[in-house]
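The values are calculated or read from the model by the stated rules, or taken from the named source; none is laboratory data. Because the structure is predicted, anything quoted here is derived from the model rather than measured. Note: ideal-geometry Cβ built from the backbone for every residue, glycine included; neighbour counts use all protein chains shown.
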Amino acid sequence: ELKVEQNPLFLSMQEGKNYTIYCNYSTTSDRLYWYRQDPGKSLESLFVLLSNGAVKQEGRLMASLDTKARLSTLHITAAVHDLSATYFCAVALNRRSGSRLTFGEGTQLTVNP
Amino acid sequence: GAVVSQHPSWVICKSGTSVKIECRSLDFQATTMFWYRQFPKQSLMLMATSNEGSKATYEQGVEKDKFLINHASLTLSTLTVTSAHPEDSSFYICSARITGTSNEQYFGPGTRLTVT
């Protein structure tokens with residue numbers, strides 16, 4: 001059974017600071033996703049990482065994937081209040097299982113002025 | 001492109017009644033759709049995988065007779081919560097995968113169900 005673990009689960013940080021959210025998963029996968037969820041809303045797709053060493057950046061967020069370590073990171077640079085949300089990583093099982101996703105527990109990020 | 005809608009966006013029903021939630025792919029065909037449930041402050045849990053023209057595949061622990069899924073067309077899947085109870089109150093989110101593509105899922109806006 002695929003398990004996906006995120007840490008930290010709660011993160012309170014000041015504006016302007018940097019921090020990293022970690023996502024570990026237990027079995028081989030060929031793609032990993034990062035999503036953002038605002039309160040009462042559905043998921044917003046941030047990144048999809050397809051291969052070992054993949055790095056993607058959008059604004060103050062940068063995601064990376066190490067398939068050998070089964071680890072993905074979401075790095076926040078110079079945080080701003082608008083980044084406050086819950087962030088989920090999700091891992092897709094291999095192709096025989098189609099696109100079934102297993103989600104991490106989520107990291108609730110609060111950026112304080 | 002790749003827009004998924006859900007209807008209703010929120011619904012309140014009385015205990016013992018049934019409620020139907022629709023998931024539509026607006027600008028693409030989706031052979032496969034997924035239904036997730038999310039309780040407050042928790043992650044998304046996959047309930048079932050809905051395949052057009054065939055029976056849905058339910059995850060372990062999800063009662064197929066309680067959560068009826070119908071995927072009668074390439075753009076519409078429905079989830080019916082039968083004999084709803086307060087513990088079924090949750091945020092239900094569907095996603096859809098474009099027919100013929102690999103693995104990208106597009107998520108709907110979610111439906112907030114409250115059972116009183």
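Sub-7 Å Cβ pairs linking a first residue in the range B:82-97 that is without any contact (Cβ under 8 Å) to a residue 60 or more places away in the chain and over 29 Å from B:Thr31 (Cβ atoms) to a second residue that is exposed (fewer than 15 other Cβ atoms within 10 Å of the Cβ) and not small (Gly, Ala, Ser), at least 6 apart or interchain, are B:Ser89/B:Thr114, ordered by first then second residue. Check off (1) crowded, with 16+ Cβ neighbours inside 10 Å; (2) more than 16 Å from B:Gly1 (Cβ to Cβ) for B:Gln105 and give me the number that stays unchecked. B:Gln105 satisfies all of (1) crowded, with 16+ Cβ neighbours inside 10 Å; (2) more than 16 Å from B:Gly1 (Cβ to Cβ) except (2). Of all the criteria given as (1) within 12 Å of the chain's Cα centre (by Cα); (2) at pLDDT 95 or above, the one not satisfied by A:Arg60 is (1). Scan the range B:15-49 for residues that are without any contact (Cβ under 8 Å) to a residue 40 or more places away in the chain and touching a Ser or Thr at 6+ places or on another chain (Cβ under 8 Å) and the total you get is 3.
Restricting attention to the range A:90-111 and to residues that are more than 7 Å from chain B (Cβ to nearest Cβ) and modelled with pLDDT of 95 or more, the residue that is nearest to A:Gln14 (Cα to Cα) turns out to be A:Val111. For the range B:1-38, the set of residues classified as basic (Lys, Arg) and outside any strand (DSSP E or B) consists of B:Lys14 only. Just so you know, in the range B:94-116 the residues that are in contact with a Lys or Arg (Cβ under 8 Å, 6 or more places away or on another chain) and part of a strand (DSSP E or B) include one that is nearest to the other protein chains (Cβ to nearest Cβ), and it is B:Gln105.
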